1. Does segment C:119-145 hold any residues that are within 15 Å of ligand 2 (Cβ to nearest atom), modelled with pLDDT under 85 and of a type in the set (Ser, Thr, Tyr), and which are they?
2. Identify the residue in segment C:364-380 that is more than 14 Å from chain D (Cβ to nearest Cβ) and surrounded by fewer than 16 Cβ atoms within 10 Å (Cβ to Cβ) and, among all such residues, is farthest from ligand 4 (Cβ to nearest atom).
3. Return yes or no: is C:Asp336 among the acidic types (Asp, Glu) and within 16 Å of ligand 1 (Cβ to nearest atom)?
4. Residue under question is C:Phe59, and the condition is that it be under 25 Å from C:Ser16 (Cα atoms), among the aromatic types (Phe, Trp, Tyr) and more than 16 Å from ligand 3 (Cβ to nearest atom); does it hold?
5. Consider segment C:381-426. How many of its residues are of a type in the set (D, E, K, R), under 22 Å from C:Ala46 (Cβ atoms), away from ligand 2 (no atom under 16 Å from the Cβ) and crowded, with 24+ Cβ neighbours inside 10 Å?
6. Hey, among C:Ala302, C:Ala290, which residue is under 26 Å from the mean Cα position of the chain (by Cα), within 14 Å of ligand 4 (Cβ to nearest atom) and at pLDDT 85 or above?
7. Can you name the condition, by its number, that C:Ile221 falls short on among (1) away from ligand 4 (no atom under 16 Å from the Cβ); (2) more than 19 Å from C:Glu457 (Cβ to Cβ); (3) crowded, with 22+ Cβ neighbours inside 10 Å?
Amino acid sequence: MNNFNTFKKLLKIATKQKAFLAVIAMLVIMLFNQTNFYTSYNLFDLMNSSSILMILAFGVTVVLVAGGVDLSIGGVMVVSGIVVIKLMNNNIPIWIAILCALLVGAVVGTINGYLTVYQKTEPFIITLGMGMLLTGVAQMITDAHPIPCTNPDFSKIANGKLFNTIPHLVIVMIIVFLVIHWVLRYTSFGRNCYAIGGDYEVAKYSGINVRRLKMATFVLCSVVAALGGVMLSSMLNSGSSTYGDTTALVVNCGVVVGGTSFAGGIGGVPQSAIGLLVFGVLQNGMNMLGIASYIQIICQGIVIAGIICLDCYGRKRRREAV
Amino acid sequence: GKTTPTESTTDTPGEDTPVGTTDEFEKIAFIVADMANESQAFASKQFQQYAKDYNFEVVILDAKGDAQAETQAVKNAIAQGVKAIFVNPNDINAIIPALTEAKQVGIVVGMFSSDLPADKTDARDFFVGVNDNMAGEAAAQAFLNKFPDGANIVEIGGQSGHDAQIKRHDGFNNIISGTNINVIDFKATNTWSTAEAMAIMEDMIVKNGDEIDGVFCHWDNGATGVIQALMAADMKDVFVVGVDGCRAGFNQVTSGDQSVTIMQNFTTMTQKSLEMARKVIDGEAVEQQNFVPLDIVDIGNIDTFTAPEW
Amino acid sequence: MEKKKQEVILSIKDVSKSFPGVKALDQVSIDVLRGTVHGVVGENGAGKSTLMKILSGVFQKESGTVIFDGETIKNTSPIQSMKSGLSIIYQELNLVNTMSVGENIYLGRFREMDGMRGTHTKAKELLESIGCTIDTYKLVSELSVSEKQMVEITKALSFDSKLIIMDEPSSSLTADEMKELVNIIHHLKEQGISIIYISHKLDEIFDFCDIVTVMRDGHVIDTKPTSAFTRSDMIAKMVGRTIENEYPERPHCVGETLLEVRSLNTNKLHDISFELKKGEILGLVGLVGAGRTEIVRAIFGADKVKGQQLFIDGKLVKINKPIDAKNAGMALVPEDRKLQGLVLPFSVEANISMASFEKMTKFGFLKRSTEKEIAERQVKALGVKTPSIKTKVKSLSGGNQQKCIVGRWLENNPRILILDEPTRGIDVGAKYEIYVLMKQIAESGGSVILISSELPEVLNMSNRVLTINEGRITGEFNPQAVTPDQIMEKALGLGKEELKS
Amino acid sequence: MSEQLNGKKIIQIIFSEYLVLVGIAMLVLVTAILEPKFLSPQNLNNVMRQFGPLIMVALGMTFVIIGGFIDLSVAGMLSLIAVVTISLIEPLGQVPALLIGLCLGAFCGYLNSVLVVISGAMTQAEALFITYGMSVVYGGLALIFSGGSTKQMSGIKADTSLFKEIGSGNIGILSVSFVMFLGILVLLYVFQNKTFMGRAICLTGGNKTAAKLAGIPINRSIAFIYTISGFMTALGAIVLFSRVTTASPVIGKGYETNAILAVVVGGTTLVGGKGSVLRTVLGTLLVILMSNCLNLLGVSVYMQYIMKGAILILAIWLDNRKQL
Ligand SMILES: Nc1ncnc2c1ncn2[C@@H]1O[C@H](COP(=O)(O)OP(=O)(O)OP(=O)(O)O)[C@@H](O)[C@H]1O
Ligand SMILES: Nc1ncnc2c1ncn2[C@@H]1O[C@H](COP(=O)(O)OP(=O)(O)OP(=O)(O)O)[C@@H](O)[C@H]1O
Ligand SMILES: [Mg+2]
Ligand SMILES: [Mg+2]
């Protein structure tokens, strides 16, 4: 009985989740092709290469659920990634450097939050501006040169492998996933995020401290993005101002493809993980199949537009069907 | 299922034939920094064209101008079980961890066009390419030749933060500083955009007027914009130097709009890379650093070069 | 009931508030006694909602004092007022659509509720205590309007309130649910909780309010025990003039068939067929959720249908989009004016002229003077209270907003006017005007389809009534020849059950 | 409004409604003091020319944003149109190439609208991601079409006089592209304020459901919104490649953000329903002047990012403050 219910629940999620179906479809396609796709190395690599974007996506999910949007994560990632390396290159211990980088995230998040919440500006455009500004800051502090890390231990944080198979990066990603999932589902903070995203005014009249809460989501998102930046720097063992070019759009897009509503109040980190997996599997699979780059680009565009269109279409059908 | 490439020796007989190799050709991967960049798109075509000559089958992976995507591409190549990887790096430091991993599983690693930092060269087997520092130096030399008595020039950089932009700028300024040629204005672009180069040039003309004797533009297509701006301002005798030696640069030199292009020969570079890889795989020793010389092309010697295909 | 000591729980003194262009409240003073139901009535825009929002801390008063439970209240906020024992059910529904019923009831109190499970258990208990069986895990967006209303009431109850303000809670409740609400109100009263009850339905006011305050144009006109009011007295005070009848006489020149609907099917509707005669007002009666809205939306081309044939004047017409319906001479005043009717950030003018582009465009170009004429004509004809036609429709009161939508369609001289809950939240005077309009349309050869949850309204205004139950037509009546009970029986679907048994 | 307009009132209106004007004035003032050549005719001429491509795209974007949607596809679309049009000059001749380019733009825009309408995307966010996907598709098509290489107008043996005229020609003291812009501005202004479709677009942006139920053809207005955007992007592409005489397959990169920036800094709100093409002109002017000024002041490209971001934030912030 219980099993049956879980099964039904899964089925419901599957039909509702275009992204999930897309991932399954791609996995099936890869079954019928003679490639090294289904090797443990590749599957872990696939997870590994999606991990940083996923970490960012989990932070963004919180903001989106609360009815905001954050396009500055690319900038945050880059700046914090550079900060951590600059500090370490000046002989500051790793952990302190990482904390400082996260602090950078917190500061940016606070500014974003302050401007959107207390000054009632449009987060979409404010964070876009913040992203540009941070890119400039990153270029200025590095003079637009990539800076290699001189501390040999730093690289191991992301590049090491547990039992020689599971990349540390994947483990970090899973930890972030679990923490944010728990926060969103089982804490007062998380539920209130859904409330303010669902209806800001109602939440306000229900005595939720909407401003502080919404502000907190921006801070959380930026701190998570900063963590993503630290992991990126560790993975690449260097920091540069050019890393975060299209990150913000791709991540937000992945989160929405996964099914977290831009309008707020709907979604969660499992959906975001799947949304990002769509891109990860697609990229990896097409590389495995040796599909030419330009075609890959077009396929990616079609998948993005396609899934979102299907999703909208489903919602339209549901609207009409009631 | 199949084994992971990391445990490369545990292949059990009777399994599916490894996909990485066919009967005749060994699989190699060329990781392009950015396929939207025409010089690299051209290089990838060269790889596809010449791979068979060295008994290779080439997989092209696009890093889309992104350092992170590039390490992913390297790992993807590892997963595909290739014999050799050629990388045109977006960021020479960022690529090292991934290349180290590739070398650990026994893949031959060749750097294409840009080399790793001097103290990290053990992460690759060999390097073939031009040195972008040298491109900058050659451009500087062209100015020194043209203006022995000194001149005022401006520099328009490529995408700021990009490896080629950094090296061309550094190489150029190493030679130029201390000479009587003054770089009175420098600005890099947000992307390798002709329109941006043109707008910057227009604004530099307003600012510096007729003082400008020469322009060093980091890439020939940018020089196209520079030339447009100069023509609009009716400045005819400005000495324009570009890098690439692509079709645009060639045409501009031929028509006399551009004075010099520093030409890099991708065909030679590709062939040399493939040859090196073949040798390493076959167990021969190779030279680690292989510079393909840059040509300084001007109206005087342009007839001696074959017109580029890109 | 023995006379307890009638203690004043809430004392409002000389409270004023103005908005740009209107003085919404002018020196308002009201005392509310503990354990009483205090009715507040008044025309649209009288300032009722504004006053309540000041009490609950949504708006801040400009002057005057408010003393609640012995304490003077200054610059309060919604949560402060709720915690101090004053909760409010707003006129516009106030639930988070994307969340479950249970979480909505305890919104913002997740921690106190001991997590998700505690929230749902407690919510279920509370809902059951008022006789409501909604699944607490259901999303609010899946509820019907009346179910939402019940959830709101439950939410207000979940606070230990000393005073509950209900701003038109009954505007979308069915008769049964209304009974339940009355029970709840009595129950609360017994516990010594006071209730401020705002409604345009005078029956309710006379039914269970102890004291009534009448407001007009931001002033308190009178406050006295309900028994001291007569109905016409109260109406006269509300509108400042006397109205003899609440309903005009229904039209009586019913002619041949104007519209015929044949086998209309959608996911929710089954084989709906009916005729609409010229000069007729056809009432659709049913419980909320029965599918009345769906029928008219389908006819109007707003929803996808599986199959239907529509004949106007005996000719088959194809209607796929609302534009087709408009061109065929139909007009629809939708049930949710803010979401479906109005473009809130736009002016009254733009909102009124929205359906009249044929009139005001020439070769695709707008004629501004015509647009102005149209807007001014309708504002005048319907008596829309607005500072100017350039005023944003957002700042009008509910009733006046509704009039803008009606005016928009009247400008088109529609032959078939469909009104979905047209008088929801509208005062007596405005209601009467709308009834007269319906009658005028009918008498000038058009017809009206009227959907309303107020049975007296349907019975008094229509020539014919169809009952709808679960997407089917279950009966057809002449409202002059039946009792309300007979109609409700069919609307509740009881006839079917009897046949079966 | 028929109230008396005295000086004080005008200043008040400027500060409350057209803050971007103040921004422009300050930018002009500071730059003119630090670098007097800023006001030289040559520089003004440059600004006028640099203004050309972006204003076209931004004007199109204005309608999209007023209609409550957004169009990120202009980046890919601009690249595609530029490489296609420039390649067609030689085989087909100038006028056919130009017309095909414009049609292609309108078609791509129409295609976007079809996706939006069929899928029933009602919100800005949905449209954002659909058009982002389409931008990637158009960009990919541009790469395939060009094989990744830059197309040269100067390398074309055909007659390119028409495009040269668009790119660098003059009518009196005005550049051809500027005159084109003026003409189009008038057309679009009239379209927005005096025609049925213009009003329909505003109403669609204000409340789609209500507009639909009132018999406004919202599907047609969505089609108009995106087709205009596509057409204007095509014009932008043509002005752009005529100016620089080349078209690379990534030539449109960044145009989407700059166009949105221009529209929003101008004061058209992202909520939909409210805004004007005139505001966009001011917004675009600010964006263009900013990079011009920074170039003249010799500020590094890093600063340009920082300034752009900061001005965007500042503009929105100040704009919001006065509304509070
Ligand atoms: N936010 C607001 N901004 C401007 N004016 C407002 C606002 N809210 C209300 N008003 C105006 O204040 C007056 C009183 O409105 P209120 O909503 O209190 O009326 P009401 O008595 O509740 O009417 P109804 O019965 O229609 O709900 C009206 O003239 C209305 O236009
Ligand atoms: N937005 C929505 N999403 C999902 N379900 C809905 C939505 N709106 C309504 N429903 C469902 O459809 C049913 C009909 O709701 P509604 O109250 O609109 O019915 P109706 O036919 O309009 O009622 P009436 O007969 O009073 O006009 C309800 O039971 C509700 O569960
Ligand atoms: Mg009210
Ligand atoms: Mg209804």
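The values are calculated or read from the model by the stated rules, or taken from the named source; none is laboratory data. Fair warning: this is a prediction, and the values are worked out from it, not measured in the lab. Quick reminder, even Gly has a Cβ in these numbers, built from the backbone with ideal geometry, and neighbours come from all protein chains shown.
1. Those that are within 15 Å of ligand 2 (Cβ to nearest atom), modelled with pLDDT under 85 and of a type in the set (Ser, Thr, Tyr): C:Thr133, C:Ser141, C:Ser144.
2. Within segment C:364-380, the subset more than 14 Å from chain D (Cβ to nearest Cβ) is C:373, C:376-377, C:379-380.
If we keep only those that are surrounded by fewer than 16 Cβ atoms within 10 Å (Cβ to Cβ) too, we end up with C:373, C:376-377, C:380.
Working: C:Glu373: 34, C:Glu376: 32, C:Arg377: 30, C:Lys380: 31 Å.
Top of the filtered list is C:Glu373.
3. Details: among the acidic types (Asp, Glu): yes; within 16 Å of ligand 1 (Cβ to nearest atom): yes.
Taking the combined requirement at face value, the residue satisfies it.
4. Values: under 25 Å from C:Ser16 (Cα atoms): yes; among the aromatic types (Phe, Trp, Tyr): yes; more than 16 Å from ligand 3 (Cβ to nearest atom): no.
No.
5. Filtering segment C:381-426 down to residues of a type in the set (D, E, K, R) leaves C:385, C:390, C:392, C:394, C:403, C:408, C:411, C:415, C:420-421, C:424.
Still in the list and also under 22 Å from C:Ala46 (Cβ atoms): C:385, C:392, C:394, C:403, C:421, C:424.
Right, trim to away from ligand 2 (no atom under 16 Å from the Cβ) and you get C:385, C:392, C:394, C:403.
Remaining after also requiring crowded, with 24+ Cβ neighbours inside 10 Å: C:403.
Adding up the residues that qualify gives 1.
6. Working: C:Ala290 fails: at pLDDT 85 or above.
Just a single option satisfies the conditions, and that option is C:Ala302.
7. Evaluating C:Ile221 over (1) away from ligand 4 (no atom under 16 Å from the Cβ); (2) more than 19 Å from C:Glu457 (Cβ to Cβ); (3) crowded, with 22+ Cβ neighbours inside 10 Å leaves (3) as the failure.
Conditions (1) outside any helix (DSSP H, G or I); (2) more than 9 Å from chain D (Cβ to nearest Cβ); (3) on the phi > 0 side of the Ramachandran plot, marked per residue:
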site	(1), (2), (3)
B:Gly158	yes, yes, no
B:Lys167	no, yes, no
B:Ile175	no, yes, no
B:Val183	yes, yes, no
B:Lys187	yes, no, no
B:Met201	no, yes, no
B:Val206	no, no, no
B:Asp210	no, yes, no
